[in-house]
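K.L.:
Okay, handing you the structure first.
The values are calculated or read from the model by the stated rules, or taken from the named source; none is laboratory data. In this text, all values refer to a predicted model and were calculated from it rather than measured experimentally. Neighbour counts are summed over all protein chains in view; Cβ atoms, including those assigned to glycine, are modelled from backbone coordinates with ideal geometry. Surface areas here come from the heavy atoms of the whole protein model, side chains and all, with no ligands, DNA or RNA. Shrake-Rupley method; radii C 1.70, N 1.55, O 1.52, S 1.80 Å.
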Amino acid sequence: MVGMKAQILDGKSLASRLREEIRIETAKLKETTGKTPCLAVILVGENPASVSYVTAKEKACAEAGIASRPVHLAADTPEAALLAQIDALNADEGVDGILVQLPLPKGIDEKAVIERIAPEKDVDGFTPANVGRMLIGEECFIPCTPHGILKLIELSGTPTRGRHAVIVGRSNIVG
């Protein structure tokens, strides 16, 4: 495109601003209902990238006033034990959202794990129910990577209607 200027989109600044807005809303929720939202994050194994990512999520929760409940399981945890942990979190009224950090160790069926998360607690938007709702435009949790990219573009003032995007690489995580 001739004449188009490059624009730097500051994701860190946006994330900080959004966490502050969420912190204010979380404080209001706690004041009116006495409830603090809680995110359970399940990490199976010690993949260094996953450990770093989960640590960052726990920090972001703290900054946003959201309680986090880390669930760290050994890499050799049987799939049945992981599914039982998800069942317990699904049933726990004190837990509002569940996130299972991917990738999972070999021998654990990622699809079975994702499908076990209650759609109303699936904050990653990976369950078939949430993917289907997203595709037909219904309200649901949506994957954070594309949502974050759209937020950045939206806040930059760049119009998206009628535009095309190129995605290099693809995964269920990106959407």
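K.L.:
Can you name the number of the only condition in (1) part of a helix (DSSP H, G or I); (2) within 21 Å of GLU110 (Cβ to Cβ); (3) open to solvent by less than 40 Å² (accessible area, probe 1.4 Å); (4) β-branched (Val, Ile, Thr) that VAL51 fails?
P.N.:
(3)
K.L.:
Could you list all residues from the stretch 12-36 that are surrounded by 12 or more Cβ atoms within 10 Å (Cβ to Cβ), of a type outside the set (A, V, I, L, M, F, W, C) and under 26 Å from LEU155 (Cα atoms)?
P.N.:
Listed by number, the residues that qualify are SER16, ARG17, ARG19, GLU20, ARG23, GLU25, THR26.
K.L.:
Here is a check on your reading of the model: is ALA129 free of Cβ contacts under 8 Å to residues at least 12 places away in the same chain, more than 26 Å from SER13 (Cα to Cα) and surrounded by fewer than 14 Cβ atoms within 10 Å (Cβ to Cβ)?
P.N.:
On the way: free of Cβ contacts under 8 Å to residues at least 12 places away in the same chain: yes; more than 26 Å from SER13 (Cα to Cα): yes; surrounded by fewer than 14 Cβ atoms within 10 Å (Cβ to Cβ): no.
No; evaluated as a whole, the condition is false for this residue.
K.L.:
Taking only pairs six or more apart or across chains, which ones have beta-carbon atoms under 8 Å, a first residue in the stretch 13-33 that is at pLDDT below 90, and a second residue that is part of a helix (DSSP H, G or I) and aliphatic (A, V, I, L, M)?
P.N.:
Note: pairs meeting the criteria are LEU14/LEU152; LEU14/LEU155; ALA15/ALA60.
K.L.:
Scan the stretch 1-47 for residues that are in a loop (DSSP other than H, G, I, E, B) and of a type outside the set (A, V, I, L, M) and jot them down. Walk me through it before giving the result.
P.N.:
Going through the stretch 1-47, the residues in a loop (DSSP other than H, G, I, E, B) turn out to be 1-10, 34-37, 45-47.
GLY3, LYS5, GLN7, ASP10, GLY34, LYS35, THR36, PRO37, GLY45, GLU46, ASN47 - these are the residues of the stretch 1-47 that are in a loop (DSSP other than H, G, I, E, B) and of a type outside the set (A, V, I, L, M).
K.L.:
Sticking with this one: Could you say which residue among ILE108, ILE117, ILE98, ILE167 is more than 23 Å from ALA75 (Cα to Cα) and either out of contact with any Leu (no Cβ under 6 Å at 6 or more places or on another chain) or surrounded by 14 or more Cβ atoms within 10 Å (Cβ to Cβ) (or both)?
P.N.:
Numbers: ILE108 fails: more than 23 Å from ALA75 (Cα to Cα); ILE117 fails: more than 23 Å from ALA75 (Cα to Cα); ILE98 fails: more than 23 Å from ALA75 (Cα to Cα).
The match here is ILE167.
K.L.:
Could I ask something else about it? Give me a count of the residues in the stretch 54-79 that are within 15 Å of the chain's Cα centre (by Cα) and in a loop (DSSP other than H, G, I, E, B).
P.N.:
Matching residues across the stretch 54-79 total 1.
K.L.:
Still on this structure: Considering VAL51, VAL44, which residue is closer than 19 Å to PHE126 by Cα, among the hydrophobic types (A, V, I, L, M, F, W, C) and modelled with pLDDT of 95 or more? If you could, list the steps in order and put the result at the bottom.
P.N.:
Working: VAL51 fails: closer than 19 Å to PHE126 by Cα.
Exactly one of VAL51, VAL44 is closer than 19 Å to PHE126 by Cα, among the hydrophobic types (A, V, I, L, M, F, W, C) and modelled with pLDDT of 95 or more, namely VAL44.
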